[in-house]
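Novice: Just passing along the structure, written as structure tokens.
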Amino acid sequence: MTRVLITGGAGFIGSHYAHHALARHPEWQVTVLDKLTYAGNPDNLKDLEGHARYRFLRGDVASREDVALAMEGGADIVLNFAAETHVDRSIGDPEGFIRTDIYGAYALLEAARSRGVKRFLQISTDEVYGSVPQGASREEDALMPSNPYAASKAAADRLAYSYHATYGLPVLITRASNNFGPNQYPEKLIPLFVTNALDDQALPLYGDGLNVRDWLFVGDHCEALDVVLERGTPGQVYNVGGGNERRNIDISRAILERLGKPPGLVRSVSDRPGHDRRYALDCRKLRLLGWSPRTPFDEGLEETIAWYADHRDWWEKIKSGAYLEYYRKQYRL
Ligand code: NAD
Ligand code: DAU
């Protein structure tokens, strides 16, 4: 059996990966370690309860004790998804990002090197490159993160590399573009706009709405992580992009159109401070390993919208109470 630790597995991408891992790798014994912050949702893992090769541990990656417990009995592969992930929250209060994204990565790396982990995959992000006015970021480009979330992820990304360079830990680093799909917390652009539109609420579009992101369907991301684990070279970084550059305004219109809602639901609101204009990734390195994204953007968007329309029970409880208050204050709606 291969012992696999998935941190942050109750979140959006981590929970997709936990399902993917158990389905694709019958020889894997999977432990999910998750603090269950506001973004961690046990509903995302409910159907795995009782699975013979799966266990869930509630714990903090920034606690050396919790990490030691999660790796008790050893770990062969670690995938570190655990992070504070929302840029707007990092602008409001960066501390939790420093603690979880940086110190949490450190605690995991330390534990991994003392236990002889065979593969440590640090899930990084295209945000570490900062805004890319033209062309596409390559793995060796300079890192110019421009918000506290991105800067914390850049620190963890390079810290992970340093454990390879200094201690020989077999670290792999992936930098993915904007993921979308079912189970994404409705504070991120697509799930926020879809659920608002379903409720006939305004869609708060930042600034002029012309910022560009490259959208990657979450299932394609999971496949890319396997390819990197299996065929990647330790110490190397791999960009993972969907190849779907879209302006935010066009995403907003596409969602409203598909749901048969009026374009007037889009509401221009003040811009995010330090708002990166565009992200774009050059993914030739990962393509050489045999991966390319499979889900056309329109198909992925269709599936995502249908999921939120069919799973009101999943998101309505999230979008009530404290969250709603936070969100209304944030966007002055
Ligand atoms: P998410 O916010 O949906 O989930 C994060 C998970 O981490 C939650 O389950 C949360 O409870 C858990 N967590 C937070 N702090 C923790 C701590 N201290 N200890 C243990 N668990 C903790 O995030 P996501 O969108 O699924 O992103 C997962 C990873 O992928 C992150 O590292 C993120 O930086 C990276 N990433 C995300 C995207 C994207 O578009 N969503 C793109 C590229 C990279
Ligand atoms: O690029 C990868 C990153 O993508 C991940 O590392 C982050 O964890 C993830 O949060 C995401 O960051 P973004 O800032 O790109 O995603 P977000 O969904 O917050 O915003 C996408 C774009 O939409 C961005 O240009 C800001 C804009 N936006 C976002 C929200 C939430 C709006 O116009 N209105 C909104 O209400």
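Novice: Determine, yes or no, whether VAL67 is within 15 Å of ligand 2 (Cβ to nearest atom) and in contact with a helix residue (DSSP H, G or I) (Cβ under 7 Å, 6 or more places away or on another chain).
Specialist: Values: within 15 Å of ligand 2 (Cβ to nearest atom): no; in contact with a helix residue (DSSP H, G or I) (Cβ under 7 Å, 6 or more places away or on another chain): yes.
Here the answer is no, as VAL67 does not meet what is asked.
Novice: In addition: When you go through GLN134, GLN184 one by one, which is the residue that is over 19 Å from the mean Cα position of the chain (by Cα) and closer than 21 Å to GLY242 by Cβ?
Specialist: GLN134
Novice: Quick one: which strands (runs of 3 or more DSSP E) lie wholly within the range 153-208 and hold at least 1 residues that are within 10 Å of ligand 1 (Cβ to nearest atom) and under 28 Å from ASN41 (Cα atoms)?
Specialist: Values: elements: 171-176, 178-180, 203-206.
Because the criterion is at least 1 residues that are within 10 Å of ligand 1 (Cβ to nearest atom) and under 28 Å from ASN41 (Cα atoms), the strands (runs of 3 or more DSSP E) in the range 153-208 that meet it are 171-176, 178-180.
Novice: Kindly indicate whether ASN211 is under 21 Å from ALA10 (Cα atoms) and either touching a helix residue (DSSP H, G or I) at 6+ places or on another chain (Cβ under 7 Å) or surrounded by 24 or more Cβ atoms within 10 Å (Cβ to Cβ) (or both).
Specialist: The answer is no for ASN211.
Novice: Just to verify a result, which residue in the range 40-61, among those that are more than 24 Å from LEU229 (Cβ to Cβ) and either assigned by TED's automatic domain parsing to the domain that holds LYS319 or assigned to a loop (DSSP other than H, G, I, E, B) (or both), is farthest from the chain's Cα centre (by Cα)?
Specialist: Step one: of the range 40-61, the residues more than 24 Å from LEU229 (Cβ to Cβ) are 41-43, 46, 49-50, 58, 60.
From what is left, the residues that are either assigned by TED's automatic domain parsing to the domain that holds LYS319 or assigned to a loop (DSSP other than H, G, I, E, B) (or both) are 41, 49-50, 60.
Working: ASN41: 14, GLU49: 23, GLY50: 26, ASP60: 17 Å.
Among those that are more than 24 Å from LEU229 (Cβ to Cβ) and either assigned by TED's automatic domain parsing to the domain that holds LYS319 or assigned to a loop (DSSP other than H, G, I, E, B) (or both), it is GLY50.
Novice: Could you check, for the range 213-228, whether at least one of its residues is within 16 Å of ligand 1 (Cβ to nearest atom), closer than 30 Å to GLY116 by Cα and not in a helix (DSSP H, G or I)?
Specialist: Among the residues of the range 213-228, not one is within 16 Å of ligand 1 (Cβ to nearest atom), closer than 30 Å to GLY116 by Cα and not in a helix (DSSP H, G or I), which makes the answer no.
Novice: If you don't mind, another one. Does the range 1-39 hold any residues that are charged (D, E, K, R) and over 15 Å from the mean Cα position of the chain (by Cα), and which are they? Break it down stepwise before answering.
Specialist: Of all residues in the range 1-39, those charged (D, E, K, R) come to 3, 24, 27, 34-35.
Of everything in the range 1-39, those that are charged (D, E, K, R) and over 15 Å from the mean Cα position of the chain (by Cα) turn out to be ARG3, ARG24, GLU27, LYS35.
Novice: Limited to the range 77-94, what total is found for residues that are in a strand (DSSP E or B) and among the hydrophobic types (A, V, I, L, M, F, W, C)? Don't jump to the end; show me each part of the working.
Specialist: Residues of the range 77-94 that are in a strand (DSSP E or B), as a first pass: 77-80.
Subsequent filtering for residues that are among the hydrophobic types (A, V, I, L, M, F, W, C) retains 77-79.
Matching residues across the range 77-94 total 3.
Novice: Moving on to the next point. Which one of the conditions (1) assigned to a helix (DSSP H, G or I); (2) over 23 Å from PHE217 (Cβ atoms); (3) more than 14 Å from ligand 1 (Cβ to nearest atom) does VAL67 fail to meet, given that it meets all the rest?
Specialist: (3)
The values are calculated or read from the model by the stated rules, or taken from the named source; none is laboratory data. Here the structure is a predicted model, which is why all the values come from computation and not from measurement. Don't worry about glycine lacking a Cβ; one is built from the backbone with ideal geometry, like all the others, and counts go over all protein chains shown.
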